[in-house]
Amino acid sequence: MQFCQLDRITELVPGEKLVAVKNLSLSEDYLQDHFPRFPVMPGVLMLEAMFQAGMFLIYATQDFQHSSVVLKESKQVKFGDFVEPGSQLTVIAEWNKTDENQVLMVTQGLINGNVAVKGRLLLEYFNLATRELGTKAADEFLIQERIKQFRRLQDPRNPYNSAFNDGTVASSNG
């Protein structure tokens with residue numbers, strides 16, 4: 001994940017809910033082209049922010065046991081408002097249903113309590129080695145990278161789990 005669309009995780013209840021914020025500033029590169037004289041966050045990046053919130057909810061819930069979380073399906077995605085520079089998008093991902101290695105998330109992005117975007121996202125999690133897409137070492141590397149990203153997003157005054165703060169999480173890549 002090269003471009004994180006979240007600035008801070010503000011609330012986390014593993015297996016239930018993650019709340020994060022994205023502060024949109026005029027310095028975001030994509031706002032130079034989207035749209036001239038009316039800069040707004042592209043809808044696909046709003047969707048990406050909801051996916052990333054769901055992804056980190058899965059990682060935190062499962063103690064970073066899987067190296068990969070992908071968006072398998074998005075349903076009922078509706079846009080209700082523009083996200084303009086100076087706005088704070090509050091992103092909420094709620095764990096709805098688990099089926100084998102998939103989680104259905106109910107997600108939304110709010111601006112001042114008003115729905116800017118909402119949808120149902122089906123996320124799938126796995127390890128590369130179990131699908132013969134990579135090695136166990138690749139899985140370990142990706143897991144450590146996700147832990148680092150997660151640590152950067154945590155509120156330093158209220159970290160989710162101190163085991164993740166020192167970067168020494170043991171993982172099992174079955």
- [ ] Please identify the pairs in which a residue from the range 116-142 that is at pLDDT 95 or above has its Cβ atom under 6 Å from the Cβ atom of a residue that is of a type in the set (Ser, Thr, Tyr) and not in a strand (DSSP E or B), counting only partners at least 6 apart or on another chain.
- [x] ASN127/SER67; LEU128/SER67; ALA129/THR135; ASP139/SER67; LEU142/SER67
Task: In the range 97-113, the residues that are over 15 Å from LEU6 (Cβ atoms) and not hydrophobic (A, V, I, L, M, F, W, C) - done: LYS97, THR98, ASP99, GLU100, ASN101, GLN102, ASN112, GLY113
TODO: Report yes if PHE82 is without any contact (Cβ under 8 Å) to a residue 60 or more places away in the chain and in a loop (DSSP other than H, G, I, E, B), otherwise no.
DONE: yes
Open item on the list: surrounded by fewer than 19 Cβ atoms within 10 Å (Cβ to Cβ) and either assigned to a loop (DSSP other than H, G, I, E, B) or modelled with pLDDT of 90 or more (or both): is that true of ARG146 in this structure?
Closed with: no
TODO: Could you tell me which residue of the range 12-61 is surrounded by the most Cβ atoms within 10 Å (Cβ to Cβ), considering only residues that are within 21 Å of GLY80 (Cβ to Cβ) and free of Cβ contacts under 8 Å to residues at least 12 places away in the same chain?
DONE: HIS34
- [ ] Check off (1) farther than 20 Å from ARG152 by Cβ; (2) outside any strand (DSSP E or B); (3) not charged (D, E, K, R) for LEU45 and give me the number that stays unchecked.
- [x] (1)
Open item on the list: Against the condition β-branched (Val, Ile, Thr), crowded, with 23+ Cβ neighbours inside 10 Å and more than 30 Å from ASN127 (Cβ to Cβ), how does VAL83 come out, does it pass?
Closed with: yes
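The values are calculated or read from the model by the stated rules, or taken from the named source; none is laboratory data. These figures come from a predicted structure and were not determined experimentally. With ideal geometry, Cβ positions are generated from the backbone for all residues, glycine too; neighbour counts draw on all protein chains shown.
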